[in-house]
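Take a look at the structure set out below.
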Amino acid sequence: MNHFEAREGELWCEGVSLKALAEAVGTPLYVYSSATLERHYRVFRAALDAFPRLGAPLIAYAVKANSNLSVLATLGRMGAGADTVSEGEIRRALAAGIPATRIVYSGVGKTAAELRFALDVGVDQINVESEPELRLLSTLARERGAKPGVVIRVNPDVGAGGHAKISTGARESKFGVSLAEAERLYAVASNAPHLAALGVGCHIGSQITDLAPLARAFGLMRDLVERLRGQGLAVERLDLGGGLGVPYFNQPDPPTPDDFAAMADAAVGGMGVALAFEPGRVIAANAGVMLARVIHVHERPEGRRFLVLDAAMNDLIRPAMYDAYHDIRPVAPRPGPRAPYDVVGPVCETGDTFARDRVLPPIEGGDLVAFMSAGAYGAVMSSEYNSRPLIPEVLVKGAVWAVVRPRPSYEAMLARDSAAPWLSSSISAAT
């Protein structure tokens, strides 16, 4: 469920008209619903809490899905932790009020500088993904007199996800270590004087709509924990990642959080470990839309009809990168027969195409359209390609709203570049 609904023939977000927002802020822009973010977190929390054998798992929201500070603060106030994959994401989580004791730090290429920062701020858990990283972390911890909590991330050779580029648990993917390596490295970590070996973890993909791969991976992790304990090693934590899919309107409904929790209980319930889950998309995707305005409709003599928008692939790259589907809705639909449109942006790339032959109501230049389910992997993956400014983000709560990331001016964009000394006379100041 989300809180983007039609009222009197026009699309609203909670108590705010999307048409009014577009007029006040300009297009394109992202709009997020606080009520939807809060509801999705509560539903996920309640699903896990319904199974006592799961204990009280940490829900570490995947910051990469949507890292806006106001989004993070909304979830942090409800008790969410943060799953982070860079120093920048750790800094964002801390700035949003999420304590270091609820922050998990993952990622295959953590630099020494990033690990030092994680040690200095005292993140609760560092998910180690290779033997070189384990050695580096041990050295840095010794130098700083620290003893970080370590979880060994396992690649269980179980691939899943809505696209090959977001499947992270297959043998050929770059993430984690093999099950055999995990046993050896966990023993190494357990005996390292400056590391606190806490447990093991896995994450097999994103936009997963079938629970079977997750159940298989969770079962392999349970077996690994039992083997480690059989070797006399203490295992206190089991991090099972995220990846639960969301409905993108053209797909069958994915498993619900209740279904997911029941599967988790059957697979790992009653193990006597502290569990962690890292949902991202399932919390944020349907809590956001991208609004765009139609520049014009270009009709070719051969019959193709191009709906040209002021939003482009640099604003929402998922269709170009993943062939992803987003439902496109006119904010104020016109009456009349529906027809197919190629929905495109102004960037000089054929890949700047959101949809081919999308059947829509009649649309004219100046109309507003909303890309649904754009709250995850939307603004966070945007860029300034073609020197287009990043688009603003707005958070709605009831009948009030706030710009939570402003659109930068062209002057601000240009000012970030500095002239080489031998070219300074040729490059004018940003105006």
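The values are calculated or read from the model by the stated rules, or taken from the named source; none is laboratory data. Fair warning: this is a prediction, and the values are worked out from it, not measured in the lab. No Cβ is skipped: glycine too gets one built from the backbone with ideal geometry, and neighbour counts run over all protein chains shown. To get the accessible areas, we keep the full protein, side chains included, count just its heavy atoms, and leave off ligands, DNA and RNA. Shrake-Rupley method; radii C 1.70, N 1.55, O 1.52, S 1.80 Å.
Numbers below:
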| quantity | calculated |
| --- | --- |
| Residue in the stretch 31-40 that is touching a His at 6+ places or on another chain (Cβ under 6 Å) and of a type in the set (S, T, N, Q) present | yes |
| Any helices (runs of 4 or more DSSP H) falling wholly within the stretch 177-273 and containing at least 2 residues that are more than 29 Å from L119 (Cβ to Cβ) | 211-230, 257-268 |
| Subset tally (residues that are buried (at least 18 other Cβ atoms within 10 Å of the Cβ) and not hydrophobic (A, V, I, L, M, F, W, C)) for the stretch 134-148 | 2 |
| For E226: the one exception among (1) within 29 Å of the chain's Cα centre (by Cα); (2) farther than 19 Å from A262 by Cβ; (3) open to solvent by 70 Å² or more (accessible area, probe 1.4 Å) | (1) |
| Only one of G169, G162 that is modelled with pLDDT under 95, in a loop (DSSP other than H, G, I, E, B) and either of a type in the set (V, I, T) or open to solvent by less than 10 Å² (accessible area, probe 1.4 Å) (or both) | G169 |
| Complete set of residues in the stretch 96-133 that are buried (at least 21 other Cβ atoms within 10 Å of the Cβ), under 17 Å from V177 (Cβ atoms) and touching a Leu at 6+ places or on another chain (Cβ under 7 Å) | Q125, I126, V128 |
| Residue list for the stretch 300-341, filter: part of a strand (DSSP E or B) and in contact with a His (Cβ under 9 Å, 6 or more places away or on another chain) | R305, F306, L307, V308 |
| Neighbours by Cβ (under 6 Å, 6+ apart or cross-chain): first from the stretch 313-324, modelled with pLDDT under 90; second open to solvent by less than 20 Å² (accessible area, probe 1.4 Å) | A324/R318 |
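Quick grid of which residues meet (1) touching a residue at least 40 places away in the same chain (Cβ under 8 Å); (2) in a helix (DSSP H, G or I); (3) open to solvent by 30 Å² or more (accessible area, probe 1.4 Å):
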| residue | (1), (2), (3) |
| --- | --- |
| R42 | no, yes, yes |
| R45 | no, yes, yes |
| A60 | yes, no, no |
| K64 | yes, yes, yes |
